[in-house]
Amino acid sequence: MAGEPRIALFIDGANLYATSKQLGFDMDYRRLLKEFQGRGNLIRAFYFTTLIESEEYTSIRPLVDWLDYNGYRVITKAAKEFTDATGRRRVKGNMDIELAIEMLELAPHLDHIYLFSGDGDFRPLVEAVQRKGVKVSVVSTINTSPPMVADDLRRQCDEFVELASLMQKVGRDPAERAARAPGQGNPGLERRYGIRQGDEPPEG
């Protein structure tokens, strides 16, 4: 490990999910971790997401549990539900502050940060981390209309990584999914997140 850059991943879960969907592929979080473990000394892989506090079970819960047991540091926060002026049910919540705190605290121990988000609100954070001498790469896409990454964030970062170029390395393999016999594992988890049978966290 000596001489290898110390790296960390900061994944804005909702943003990455939306971006991969716009590109038409499913993220395989096992392959994602393996890909970046090969790029240096991976210190942390953070995954940030909100959970709807009024629901005992949400579709993202199996992913959150799996990530927790398989090499990721998961940071969650309860989203707030409210009814808007038109009477429509809305959900409000983001993880910007939590992500910023973790990144600023860990930055002195890192050489390179990969931010998986296209949210322009992170531009000042990227600038602050750069002032600490850390290289920042933003992973998102410009191959959609409109692009999923804010222009000012793309300009601020040291390197822009096009998510579409990583598709073959971190995407769920459709052939592998199709090859599995019906009824094996959890098709919903496999399809959305690359979680296979036997990967689920232990009971309790």
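Each reported figure results from applying straightforward, stated rules to the coordinates on display, with no laboratory input. All figures in this text were calculated on a predicted structure; none of them were measured in a lab. Positions of Cβ are backbone-derived with ideal geometry, glycine not excepted, and every protein chain shown enters the neighbour counts.
Quick notes
- Fewest-first ordering of Ile43, Ile97 by other beta carbons within 10 Å of each residue's beta carbon gives Ile97, Ile43.
- Neighbour net charge for Gly40 - beta-carbon separation under 10 angstrom, K R +1, D E -1: 0
- Going from the residue with the fewest nearby Cβ atoms within 10 Å to the one with the most, Thr141, Thr86 rank Thr86, Thr141.
- Burial ordering of Asp26, Asp158, fewest other beta-carbon atoms within 10 Å first: Asp158, Asp26
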